[in-house]
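Here the structure comes first, spelled out in structure tokens, and everything after it is commentary.
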Amino acid sequence: MNIKDIKSVYFVGAGGIGMSAIARYFLKRGLIVAGYDKTPSDLTRQLEKEGMLLHYEENIDEIPFSCKRKETCLVIYTPAIPESHQELCYFRENGFEVQKRAQVLGTLTQTHKGLCVAGTHGKTTTSTMCAHIMHQSHLDCNAFLGGISKNYGTNYILSDSDFVVIEADEFDRSFHWLRPWMSVITSTDPDHLDIYGTKEAYLESFRHYSELIQPGGALIIRRGLEMQENLQAGVRRYDYSRNEGDFHAENIRVINGGITFDFVSPLECVKDVELGQPIPINIENGIAAMAMAQLNGCTAEELRYGMKTYGGVDRRFDFKIKNSKLVFLSDYAHHPKEIYQSAKSIRELYKDKRITAIFQPHLYTRTRDFYKDFAEALSQLDEVVLTEIYPARELPIEGVSSELIYDNLKPGVKKEMILKEQVLDYVQTHDFEVLIVLGAGDLDNQVPQITKILKSKIK
């Protein structure tokens, strides 16, 4: 189905962060947008305010009449929806065009210049940085992001630009639908082994993704990754890292909580780049984002301005309280390498403070596969509080629990295991210097209450 022929769009599973961005794209285009989600949320309620027609029970009769014409209605579903879902079955049985979110994004990369960011971790921050730089520049861009940009209060940007910035999701090989003009690959640490089975299959998936970059475009890959890319003829290759590569940083200065560095580039070096969100890991993320923006024509001043005004992403090193008495932040980190980088960054920022993490592991399979790595990463901190595993799409696995991580924390780390329901009481009855909530589960729902409790204690 050609995008210009679409009159209505129906979402089977509308409330995810990625799906909502696509919904907003079509809403802004003036189309009828409707759908189903299992549970009302702040995000679904906001979508309803923006004009989306939503319901929360499987019911074919709730599908609007305008979404029952297969010639003009595009159906988009999330992989989280079971194949037996009544509404999904209805659309398939009646010959509708049914696509995954990634397929829709893939179509957009054939009608726009797709600037995609892939990787096990770092892709949300890097893609959001790049989108902000591009949007503030003379080039502008569209963007579909994996988190809520604090600059825009949303997970998408819509414009008339030829560029579209996309977070490329490797889960269930979704990024194979994309046809990038350029792509950053930030990391390839094995993840989603419940889907891929082996590390080798995971790396092969990234190799295939690299083949999809269009001739004339470019790959910007972090130096030292284990994967072996396979580029089409005419695709340029660059590498980057914090301290070396075609693109890297020099003369890094950390002064009074701020971070400034010089951006080294084969195109044009840019001095005195200031991080708007001064977190050490954002030096490397910023290098990748600036590299892709610069390769597409952003000027030195546009790079400086974009980086200085970048406000961050909700749940990515998201400071809720930051003063001389207490620091409290929330971070989406849920893979061992992500947690390692978060812990390293928070330790670098607060060398002389006692740092406590409350961590909710995400998925039984990920815990089973990486519990020693989780323990190693968390052991950089002073105190670790573990809750039960957030199962998401999985059933329990015998013998797999948070206790596996707990038992492997290094000697000297103060540790405790509590239930998720006990977190607020724990915060109320303990004192902290630096507190970070980690994980991709639902513990983040308690962050507003935690913030309120902590603020009341420091008055």
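None of the figures in this text is laboratory data; all of them are computed from the coordinates on show. Since the structure is predicted, the reported quantities are computational estimates derived from the model, not experimental observations. Here Cβ is always computed from backbone atoms with ideal geometry, including for glycine, and neighbour counts include all displayed protein chains.
For Lys308 and Glu57, a Förster radius of 51 Å and the Cβ-Cβ distance give a FRET efficiency of 0.60, rounded to the nearest 0.05. Taking other C-beta atoms within 10 angstrom as a stand-in for reagent exposure, Asp42, Asp169 fall in the order Asp42, Asp169, fewest first. Local charge for Tyr340 was computed over the other residues whose Cβ lies under 9 Å away, with Lys and Arg +1 and Asp and Glu -1, and equals -1. For the range 112-309, the relative contact order comes to 20 percent (Cα pairs under 8 Å, sequence separation of at least 6). Shown here are the Rg and Dmax of the Cα trace of the range 112-309, at 15.8, 47 Å.
Pair-distance distribution P(r) for the chain, from all Cα-Cα distances in 10 Å bins starting at 0: 4, 20, 29, 28, 15, 3, 0 percent.
In plain terms, the C-alpha convex hull of the range 3-99 casts an average shadow of 5.5 nm² when viewed from every direction.
Entry note, the chain: relative contact order of 11 percent, from Cα contacts under 8 Å with a spacing of 6+ residues. Taking 0.36 nm per residue of separation and subtracting the current Cα-Cα distance, fully stretching the chain between Lys199 and Glu71 would add 41.9 nm. Considering only Leu178, Leu454, Val104, and ranking their Cα positions along the charge dipole of the chain that arises from unit charges at the beta-carbon of Lys, Arg, Asp and Glu, the one farthest toward the positive end is Leu454.
Each part reduced to its alpha carbon centroid, the range 279-305 and the range 101-161 end up 14 Å apart. Between Ser456 and Leu419, the contour length at 0.36 nm per residue exceeds the Cα-Cα span by 11.0 nm. For the pair Asn94 and Gln110, label points projected 7 Å from Cα toward Cβ lie 2.6 nm apart. Under 5 Å between amide hydrogens, built in the peptide plane, is the criterion, and for Gly114 it picks out Val164, Trp181, Met182 among residues at least 5 positions away or on other chains.
When DSSP beta bridges are limited to those with both residues in the chain, what percentage is antiparallel, rounded to the nearest 5? If we restrict to bridges inside the chain, about 25 percent are antiparallel. For the range 287-314, backbone nitrogen atoms closer than 20 Å to the point 7 Å from Arg236 Cα along Cα-to-C-beta are found at 287-304.
The range 23-46 and the range 222-249 have Cα centres lying 38 Å from one another.
Evaluated with a Cβ-only charge set (Lys, Arg +1; Asp, Glu -1), the range 414-459 carries a dipole of roughly 200 debye about its Cα centre, given to the nearest 20.
Other residues with beta-carbon under 12 Å from the beta-carbon of Thr451 carry, at +1 per Lys or Arg and -1 per Asp or Glu, a net charge of +3.
Simple point charges give the picture: +1 on the Cβ of Lys and Arg, -1 on the Cβ of Asp and Glu, and for the range 303-342 a dipole about the Cα centre of about 200 debye. Pop the C-beta distance of Gln103 and Lys325 into the FRET formula with R0 = 45 Å and round what comes out to the nearest 0.05. Efficiency at R0 = 45 Å is approximately 0.35.
For Asp42 and Thr154, compute 0.36 nm times the residue count separating them, minus their Cα-Cα distance, and round to one decimal in nm.
Numbers: separation 112, 0.36 × 112 = 40.32 nm, distance 1.26 nm.
That works out to 39.1 nm of additional length.
Estimated from the Cβ-Cβ distance and a Förster radius of 35 angstrom, the FRET efficiency linking Val254 and Gln228 is about 0.50.
Please report His334, His85 as a ranked list, fewest other C-beta atoms within 10 angstrom at the top and most at the bottom.
Details: His334 21, His85 17.
Fewest-to-most Cβ neighbours within 10 Å comes out as His85, His334.
Using a cut-off of 13 Å between beta-carbons, work out the net charge of the residues near Gln360 (Lys and Arg +1, Asp and Glu -1, Gln360 not included). Here the count lands on -2.
Would you mind ranking Thr186, Thr72, Thr44 so that the residue whose beta carbon has the fewest other beta carbons within 10 Å leads the list? Numbers along the way, then the final one.
Details: Thr186 24, Thr72 16, Thr44 21.
By the 10 Å Cβ count, ascending, the order reads Thr72, Thr44, Thr186.
Once Rg and the Kirkwood radius are both taken over the C-alpha atoms of the range 326-457, their ratio Rg/Rh works out to 0.94.
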